[in-house]
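Taking it in order: structure first as structure tokens, then the write-up.
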Amino acid sequence: NGTAIVGSYAPNAWGLYDTHGNVWEWCLDWYQAALEGGADPDGADSGSARVERGGSWSSPASNCRSAFRYYNAPSHRYNNIGFRLVRTLP
């Protein structure tokens, strides 16, 4: 019925919270339909849509995994899309 409070569930193996099914996570990658090579392949160098990953509270369960990719224009806004801030500690 909506988003969960951050940290409501245990973190994954890398210490990240809420990586599946809370909100779609905007990614820096430009969308490209087919990706080739390795576990972390390079995406397109440019484009008109950015990758979204992980599904959201309004997605079917099959979309709530980090391997599931979707896309939208960078100007697209909705209450089930978010992003993750990353900070490098000293």
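In nm, give the distance between the simple-model label positions of residue 17 and residue 87, each being 7 Å from the Cα along the Cα-to-Cβ direction.
Roughly 1.3 nm, to one decimal.
Using a 1.4 Å probe on the protein chains only, how many percent of the accessible area of the chain belongs to carbon and sulfur?
The computed percentage sits at 53.
Keeping every protein chain present and rolling a 1.4 Å probe, give me the accessible area per residue for the chain in Å².
75
With charges set only on the Cβ (+1 for Lys and Arg, -1 for Asp and Glu), what does the dipole of the chain come to about its Cα centre, in debye to the nearest 20?
Rounded to the nearest 20 debye, it is 320 debye.
State the answer as a single residue: which of 34, 15, 67 lies farthest towards the positive end of the charge dipole of the chain, with beta carbon charges of +1 for Lys and Arg and -1 for Asp and Glu, about the Cα centre.
With unit charges placed on the Cβ atoms, the residue in question is 15.
To two decimal places, what compactness ratio does the stretch 1-77 give when its Cα radius of gyration is scaled by 2.2 N^0.38 Å?
Dividing the Cα Rg of the stretch 1-77 by 2.2 N^0.38 Å gives 1.16.
The values are calculated or read from the model by the stated rules, or taken from the named source; none is laboratory data. Remember, predicted model here, so these are calculated numbers, not experimental data. Don't worry about glycine lacking a Cβ; one is built from the backbone with ideal geometry, like all the others, and counts go over all protein chains shown. Just so you know, the surface numbers come from the protein's heavy atoms only, side chains and all, with ligands and any DNA or RNA stripped out. Shrake-Rupley method; radii C 1.70, N 1.55, O 1.52, S 1.80 Å.
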